[in-house]
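J.: Before anything else, here's the structure in question.
The values are calculated or read from the model by the stated rules, or taken from the named source; none is laboratory data. Predicted model, so just to flag it, every value in this text is computed and none were measured. All Cβ positions, glycine included, derive from the backbone under ideal geometry; neighbour counts span all protein chains shown.
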Amino acid sequence: MSEPEAVVAAFIAAIESKDIDAAVELLADDVSYENVPMSPIAGKEAVRATLGAFLGAAAQVEWPIRRQVVAGNVVVNERLDRFQIGDGWLELPVAGFFEVTDAGLISLWRDYFDMASYTGQLAALTATD
């Protein structure tokens, strides 16, 4: 496993265990976190806050990787991001792009996903009858 691949694997493992501190330690200070189609989030502390909000509602998180390609310092993966919310699971197909610096820190994290699928599932899982 290449160093960039190992860094991304450790980052995803931290996300899955909801260990935001461990995940943020793998980010460069000037990281850009881009959830396409939303606006980019710049900087380590802004990503920390976003992850706290994003992971806070989930009892469990699983991000199984279906396919992954590594080219130099770039890791591209196809994942199914799963979040247990209440009694159900939000399941979101994602294409993720990570750039890892020579120091072993993620400087770019860009995920592509279908926003309508995310918002529709989230609404259904959090609806009160």
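J.: Any residue that is farther than 17 Å from Ser107 by Cα, surrounded by 14 or more Cβ atoms within 10 Å (Cβ to Cβ) and of a type in the set (Val, Ile, Thr) - is there at least one of those in region 52-64?
T.: Yes, some residue in region 52-64 is farther than 17 Å from Ser107 by Cα, surrounded by 14 or more Cβ atoms within 10 Å (Cβ to Cβ) and of a type in the set (Val, Ile, Thr).
J.: Restricting attention to region 57-72, does a residue exist that is in contact (Cβ under 8 Å) with a residue 24 or more places away in the chain and touching a Pro at 6+ places or on another chain (Cβ under 8 Å)?
T.: yes
J.: For a quick check of your reading: which helices (runs of 4 or more DSSP H) sit entirely within region 15-129 and have at least 3 residues that are closer than 25 Å to Ser2 by Cα and modelled with pLDDT of 95 or more?
T.: 20-25
J.: Consider Asn35 carefully, then state whether it is touching a helix residue (DSSP H, G or I) at 6+ places or on another chain (Cβ under 7 Å) and of a type in the set (S, T, N, Q).
T.: No; evaluated as a whole, the condition is false for this residue.
J.: In addition: Would you pick out the residues in region 86-120 that are surrounded by 13 or more Cβ atoms within 10 Å (Cβ to Cβ), in contact with a helix residue (DSSP H, G or I) (Cβ under 6 Å, 6 or more places away or on another chain) and without any contact (Cβ under 8 Å) to a residue 40 or more places away in the chain?
T.: Leu90, Leu92
J.: I'd like the full set of residues that are more than 23 Å from Trp89 (Cα to Cα) and either among the β-branched types (Val, Ile, Thr) or surrounded by fewer than 18 Cβ atoms within 10 Å (Cβ to Cβ) (or both), limited to region 13-27.
T.: Correct list: Asp21, Ala22, Val24, Glu25.
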